[in-house]
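Can you keep this structure in mind? I'll have questions shortly.
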Amino acid sequence: MFDRVELRADPEIPFTDCLETLYPNLRRRSSPTENYKGMLDLRGFGLEALLFIRCRFGATNKIVFRGAAKMTLRQMAAGAAGVFDCDPYGLRLARLDPALDIPGISMEWVRSHVRVARKRCLKEIGGTAKNPGQTLYFGRGGDSIRLYDKRLEQMRKYERLMRKLGPESLPSFEDFSGIPTGLPVVRIERQMRVGRIPPQLDTLGSLEQNISKFNPFAAIVIHRGGKPEPKDDDYSIRKYMEGKGFRQTILERGLANTRALLNARTGGNASRKMRQLSDFLPPDPVGLSPLNLFEMFQESIGRQISVSAAPDEALEGQTAAVGGTRSEM
């Protein structure tokens, strides 16, 4: 799925007449941000989006779709056409967050079996008694990957809403989140910003055309688990003791940190050493099938890129909610 989509418009691209007409009412509700002179919430005018006016570092404007995971690309195009008087498919992406939910695995398994190639920066948050929601960040700047416990995130949202509205006003957690009770779910998100978005995806039109051939999670490496209980009779005593220490270090530090340690101590031969000790990797859960992230991602975006997902009549109605003809703001 596309969890977040932001489109930017150059300063010479005008706003629509309809937005200009609404602007006096919108402006009273706007507020400046660190990077933009104003931010307008368009939800009250029929569009689930935020409009950022005049970037302080280039005068560009930006539209950010709220709840992008529930929208199709055609709906985003229609929303953008209601704000900017141009072909929305020619607008450039300011940010793109491809995401994927994987049911049936936990963050403990992810920490001990997953790494990201060519990402030296690793940050871990949580995983303590006070903050059990562990999150892993690989990379930094304009291109990074985040993995976290989606079920726990939804549970926290559900509990906040329950405190605000009361339990009698809410559906069950399963209906609220779409996650079956007791099922662990891990969310993988890749965040790409301006300058790090691949050229084949740099506009809304090219995103729709080329996303089926692009694997946003190609750098993620998943190591299959080792034997549940390696037997000392099957190995030399040196390899057995080395393997037991290897497994314990992974459980304590995580796979990515353990591999970085091996690289530092073996002159860059971590891959060879991990192959030698693969039997001692922490075991997989019983019944876990190999994960093909690219295939799973393609399935997850099927509805969002489907031409038939949003009928033209619905798109016209969404465009009309804010749209119009040429005007300058």
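The values are calculated or read from the model by the stated rules, or taken from the named source; none is laboratory data. Source: prediction; values computed, not measured. In this analysis, Cβ positions are derived from the backbone assuming ideal geometry, glycine residues included, and neighbour counts consider all displayed protein chains. Side chains included, ligands, DNA and RNA excluded: accessible areas come from the protein's heavy atoms. Shrake-Rupley method; radii C 1.70, N 1.55, O 1.52, S 1.80 Å.
Using a 1.4 angstrom probe and counting only protein chains, how large is the accessible area of Tyr240 in Å², to 10?
40
Next question, about the same structure. Roll a 1.4 Å probe over the protein chains and send me the accessible area per residue for the chain in Å².
Value for the chain: 52 Å² per residue.
Going down the table (Lys150/Lys239; Lys123/Lys150; Lys37/Lys70; Lys130/Lys244; Lys227/Lys273), which pairs top 27 Å between alpha carbons?
Correct reply: Lys150/Lys239; Lys37/Lys70; Lys130/Lys244.
Here's a follow-up. Starting from the Cα of Lys119, draw a straight line to each of the aspartates and glutamates and keep only those under 14 Å, dropping any in the same chain fewer than 8 residues away.
Asp143
Can you tally the net charge around Phe297? Count Lys and Arg as +1, Asp and Glu as -1, for every other residue whose Cβ sits under 14 Å from the Cβ of Phe297.
Result for the local shell: -2.
Next question, about the same structure. Using the Cβ atoms and a cut-off under 10 Å, what net charge is assigned to the surroundings of Arg8, where Lys and Arg are +1 and Asp and Glu are -1?
Counting the neighbours of Arg8, the net charge comes to +1.
Take Arg272 and Leu170, extend 7 Å from each Cα along the Cα→Cβ direction, and tell me the distance between the two endpoints in nm.
5.5
To the nearest 10 degrees, how steeply does helix 17-27 sit against the main Cα axis of the chain, on a 0 to 90 scale?
The helix 17-27 is inclined about 70 degrees to the chain.
How would Arg74, Arg140 line up by accessible area, probe 1.4 Å, largest first?
If we order Arg74, Arg140 from most to least accessible, we get Arg140, Arg74.
Right, another one. For Asp97, Asp149, write out the residues from largest to smallest accessible area, computed with a 1.4 angstrom probe and no ligands counted.
Descending order: Asp149, Asp97.
To continue, here is another question. If you roll a 1.4 angstrom probe over the protein chains with everything in place, what fraction of the accessible area of the chain belongs to carbon and sulfur, to the nearest %?
49
When Lys and Arg each count +1 and Asp and Glu each count -1, what net charge do the other residues less than 10 Å away from Phe280, Cβ to Cβ, add up to?
So the surrounding residues net to +2.
What relative contact order, as a whole-number percentage, does the chain give when Cα pairs under 8 Å and 6 or more residues apart are counted?
27
Find the relative contact order for the stretch 221-280 and round it to a whole percent, using C-alpha pairs within less than 8 Å whose residues are 6+ positions apart.
Relative contact order, the stretch 221-280: 47 percent.
Shifting gears a bit: Multiplying the sequence separation of Lys157 and Asp87 by 0.36 nm and subtracting their Cα-Cα distance, what value in nm do you get?
Length difference between fully extended and current span is 21.5 nm.
Note down the relative contact order for the stretch 16-165 as a percent, whole number, built from C-alpha pairs under 8 angstrom at least six residues apart.
Once normalised by length, the contact order is 11 percent.
Which residues' amide hydrogens lie under 5 Å from the amide hydrogen of Val221, considering only partners 5 or more residues apart or on another chain, with H built in the peptide plane?
For Val221, the qualifying residues are Arg115, Val116, Ala117.
What residues qualify as long-range amide H neighbours of Arg95, i.e. H under 5 Å apart, gap of 5 or more or another chain, H built at 1.01 Å from N?
Here the answer is Glu6, since their amide H atoms fall under 5 Å of that of Arg95.
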